[in-house]
Structure formats: structure tokens, C-alpha cells
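The values are calculated or read from the model by the stated rules, or taken from the named source; none is laboratory data. All values derive from a computational prediction rather than experimental measurement. In this analysis, Cβ positions are derived from the backbone assuming ideal geometry, glycine residues included, and neighbour counts consider all displayed protein chains. Note: accessible area is taken over every heavy atom of the protein model, side chains too, but ligands, DNA and RNA are not part of it. Shrake-Rupley method; radii C 1.70, N 1.55, O 1.52, S 1.80 Å.
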Amino acid sequence: MRSQATQAPQFETLGKYHVLERLAASRLAEIYKVKTVGIAGFEKVQVLNRILPRYARDATFLRAFIAEAKIAFSLNHRNIVQVFEFGKMDGELFLATEYIPGVNLEEVLHRCRGGDAQVPVGLACYLMGEVAAGLEYAHRKTDQGGQPLHIAHGDLSPY
């Protein structure tokens, strides 16, 4: 997925979500930084993954997406983005997830390549260890009856 941050979102709001900026787009979804506003000035910044309309009509895609959303809701690990909501608005599916501020790994790698620099070996080893810890958690995850879920991660990305 290629990062495509913009300051002028196509939508001012998406349901209850106030769009702050478009973070990226892929062939399946658009990804926005959003916030919800509650009583007494309560605000929460999140990421909204909005499935593109052409995929929302594909029954095979929908079954797979819903199955993945159910699994994602069950995961709770420091190295896995938390899923807060799975829903439908204006006939389109979305996932609302945790927003983690900062520079994403894709940008760090791009800057290193562009500046003829390398990621320090110690940092690379630390990052890979953290990725491995999240993957191990997911791969060992069981259902409520203790049966393995056999999760295979298919969307590992530096973004």
C-alpha cells in the first residue's frame, strides 16, 4: 500500500467520523485519519478503513472480509492494531481501528533509500523482534474452547 496523505479529504464526515485526512489508498480500500466527538468535549482519533464500493458488492470478498474482521476483534496485543468497530455506512463496509501517531516504517525506509542511508542494525533487529512477537501471538491464538484459530497473516505492511 502506498502512502498518500492529503489535507483535503473527499468527505467532511463519514457517518459519525469526522475526517481529518486521507492517509492512503489501496486497490481495496481508502484509509482515513478520523475522530469521533462525544459529550463534554470527548474526542478519539482513529483510523477508518473504508472498503471501496465495487468490493462491497462482491459476495466472496465480503465473506472473507467479515471473517477477518471477527478474528481481528479477538486480538489484543501491544504490536497489533486494535479494532474498535466493524460496520456499514451508506452501504459500504468499514473498520475503525487504533491510530498510532508517528512516522510509519514505510516512510523511514523510503527516506533511508533516498538519502543513501541504512537503518541501524540494532533498530532493524528490534523492529523485527516486535513484529515476530505480534505474529507469534496471532499464530498461537485460540478460540474460547482452547482450539487453535490457525491465523495466517496476509497483510503485513510497514504502513
Which aspartates and glutamates does residue 44 reach when only Cα atoms under 12 Å apart count, and residues fewer than 8 places away in its own chain are ignored?
98
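Go ahead and run the numbers for FRET between residue 35 and residue 111, Cβ-Cβ distance against an R0 of 25 Å, rounding to 0.05.
Numbers: r = 28 Å, r/R0 = 1.10.
With a Förster radius of 25 Å, E is 0.35.
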Let me spell out the model: positive unit charges on the Cβ of Lys and Arg, negative unit charges on the Cβ of Asp and Glu, origin at the Cα centre of the chain. What dipole size does that give, in debye rounded to 20?
200 debye
Cα to Cα, under 19 Å, and not fewer than 8 places away if on the same chain: which lysines meet these conditions relative to residue 70?
88, 141
Listed residues 138, 25, 67; largest mean-square fluctuation, Gaussian network over the chain with Cα springs below 10 Å, found at 67
Please report, for the Cα atoms of region 60-128, the Rg to one decimal and the Dmax as a whole number; what are they, in angstrom?
16.9, 47
I'm spelling it out carefully: the read-out is log10 I(q)/I(0) by the Debye sum over Cα atoms at q = 0.12, 0.20 Å⁻¹, the candidates are (1) -0.64, -1.25; (2) -0.86, -1.18; (3) -0.64, -1.42, and one was derived from this structure. Which label?
(3)
With the full set of protein chains in place, find how many percent of the accessible area of region 1-123 is carbon and sulfur; take the probe as 1.4 Å.
55 percent
For an R0 of 41 angstrom, estimate the FRET efficiency from the Cβ-Cβ distance between residue 142 and residue 54 and round to the nearest 0.05.
0.70
Between residue 26 and residue 121, how high is the FRET efficiency from 1/(1 + (r/R0)^6) when r is the Cβ-Cβ distance and R₀ = 30 Å? Nearest 0.05.
0.45
Can you tell which of 28, 123, 105 shows the greatest fluctuation in a Gaussian network model of the chain with Cα springs below 10 Å?
123
With the contact rule set at Cα under 8 Å and sequence spacing of 6 or more, what percent relative contact order holds for region 68-142?
28 percent
Accessible surface, the chain, averaged per residue in Å² (probe 1.4 Å):
66 Å²
Of 128, 89, which has the most accessible area and how do the rest follow, probe 1.4 Å?
128, 89
Among the aspartates and glutamates, which have Cα under 13 Å from the Cα of residue 16 when same-chain residues fewer than 8 positions away are ignored?
43, 85, 90
Highest first, please rank the peptides 72-84, 139-151, 46-58 by the mean number of other Cβ atoms sitting within 10 Å of their residues.
46-58, 72-84, 139-151
Relative contact order computed over region 1-138 (Cα-Cα under 8 Å; 6+ residues apart), in percent:
16 percent
